[in-house]
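Visitor: If you scroll down you'll find the structure; I have some questions about it.
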Amino acid sequence: MWIRARLTIFTVALACLACPAGAAAAVSAGAPSVNYDPDYHSLNVYWEGTDGSLQEMAWSAASGWSQTWTVLGASSLGSAPATLYDPNYQSQAVYYEGPQGALHEVAWSPSGGWSGVYNIAPAGSLGSAPAAIYDPDYHSQGAYFAGTDGSLREMSWTAASGWSPVYTQAPAGSLGSAPTAVYDPDYQSQGVYYEGPQGALHEMSWSPSGGWTGPYNIAPTGSLGSAPSVNYDPDYHSQNVYWEGADGSLREMAWSAASGWSQIWVVLPAGSLGSAPATVYDPDYHSQNVYFAGRDGTVRGMSWTPSSGWSSPSILTTGTGAIAPSPPPTPTPTPTPTPAPTSQATGTGTVTIAPRHRKHHLAVRIVIKWHWDRHGGHTHLLWIKIGRAPRRTALSISCRGRGCPAHRLRLTAATIHRDHRTVHSSKIYRVGDSLLLSVTAPHWRAERARITIRNNRKPLVRLL
């Protein structure tokens, strides 16, 4: 029987010479998604709940924010959702990764309410949350996502043809995050943005006349700390890309034919975001709206208008932990460093990154333990430990950055089990290096995580 399940546990120990004392690894929560529905003049925000459910809130000028609705029950989602409005059917469609890596869809219309769950692509297809786009020229809905090998994949649907096969638009290893997509009516084009393997912002675009172009490098290595999100603003004929910086800030770049790409703007300061953002243009207010998870897991929103600039962030959900972490850090107590008569402070810290709740999946945990030196600039990989796993499990660690070792670390199943699933290492990394850890086994779904080494700050750790 062909089994697809999450691999269980792998533990990484680092000696971090670039982290402040007491730091804990920052982990992004699952991003929300938003659409604008012109029939109700409403903004509709969807997210994955902490129990794997699909949650929604809606806003209109007449009613304000609604209560939180549960659209799908616990354990339904295996990723953050993506949503779009389809004017042909006056419907809202929501796409997401199912618990076994399949692409699923549910749709809502005023006449029919919520549909059942449709299975669009089979188990094991998705390696990230999807992105959704509506193309009015072809009256089509499109879904983009990273494959399990880091390729860019696409499917599209029309009423006449139904769903297309899965197309590969960029090769394996291209994507370091979920993609985001936007339709630009000025060029009748679809633009796809994503984080490259080294934290750069990349773009590809498609038009009927030119086909696919790119990828283009929009922002340099190390710029992104999350997947990006993009909107099209018809007032400025601009594409506007938002993302979480490596320091938890909200960042933006904008492009127009007249001005090209802007500089990178910091919209919110470091430590503001706990997830990738989602953005949408609201024609009623000529506003760009951005939604994200706070560091406490609450859903938050803010907006920009030409007349008023940026509003302050508003908290939309009550309490904490409304949005599913991806996954949340759970720090264990750390010893207080003893002051020494030198310029270097040392100590230890441990953080456990808990998995999201996934039906029929084995648990996944990554535990990262490190020592630090306030004035150092290197990180020493001490050891790697893999927990309960199939006997044919293999591990690889690749690195992108100026300080990366010359050789990629590859561990076979024989080596892992011979050493009781603990492998010692002497690899040394520099600030800005990005490590991709991959655990694989035949007939099991691969598990991947990315660790970004940062200067005098906590490493950024994300499950992919």
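The values are calculated or read from the model by the stated rules, or taken from the named source; none is laboratory data. All of these numbers come straight from a predicted model, not from anything done at the bench. Cβ placement follows ideal geometry from the backbone for every residue including glycine, while neighbour counts extend to all protein chains displayed. Areas reflect the complete protein model, heavy atoms only, side chains present, ligands, DNA and RNA absent. Shrake-Rupley method; radii C 1.70, N 1.55, O 1.52, S 1.80 Å.
Visitor: Every residue in segment 125-140 that is assigned to a loop (DSSP other than H, G, I, E, B) and surrounded by 17 or more Cβ atoms within 10 Å (Cβ to Cβ), please.
Guide: Passing the criteria: Ser125, Leu126, Gly127, Ser128, Ala129, Pro130.
Visitor: Out of the residues in segment 182-219 that are part of a strand (DSSP E or B) and closer than 14 Å to Ser238 by Cα, which is most open to solvent (accessible area, probe 1.4 Å)?
Guide: Tyr183
Visitor: Go through segment 220-242 and give me each residue that's of a type in the set (Val, Ile, Thr) and open to solvent by less than 70 Å² (accessible area, probe 1.4 Å).
Guide: Of everything in segment 220-242, those that are of a type in the set (Val, Ile, Thr) and open to solvent by less than 70 Å² (accessible area, probe 1.4 Å) turn out to be Val230, Val241.
Visitor: Sort out for me the strands (runs of 3 or more DSSP E) sitting completely within segment 267-324 that have 1 or more residues that are open to solvent by 50 Å² or more (accessible area, probe 1.4 Å), free of Cβ contacts under 8 Å to residues at least 60 places away in the same chain and in contact with a Ser or Thr (Cβ under 9 Å, 6 or more places away or on another chain).
Guide: The qualifying strands (runs of 3 or more DSSP E) are 299-305.
Visitor: List every residue pair whose Cβ atoms sit under 8 Å apart, with the two residues 6 or more apart in sequence or on different chains, where the first one lies in segment 221-241 and is within 19 Å of Tyr285 (Cα to Cα) and touching a residue at least 12 places away in the same chain (Cβ under 8 Å) and the second, anywhere, is open to solvent by 20 Å² or more (accessible area, probe 1.4 Å) and of a type in the set (D, E, K, R).
Guide: If the second residue must be open to solvent by 20 Å² or more (accessible area, probe 1.4 Å) and of a type in the set (D, E, K, R), the pairs left are His237/Asp186.
Visitor: Same structure, new question: Could you please let me know if Gly176 is surrounded by fewer than 18 Cβ atoms within 10 Å (Cβ to Cβ) and modelled with pLDDT under 95?
Guide: no
Visitor: Quick one: which strands (runs of 3 or more DSSP E) lie wholly within segment 1-77 and hold at least 1 residues that are modelled with pLDDT of 95 or more and over 22 Å from the mean Cα position of the chain (by Cα)?
Guide: 33-37, 42-48, 54-60, 69-72
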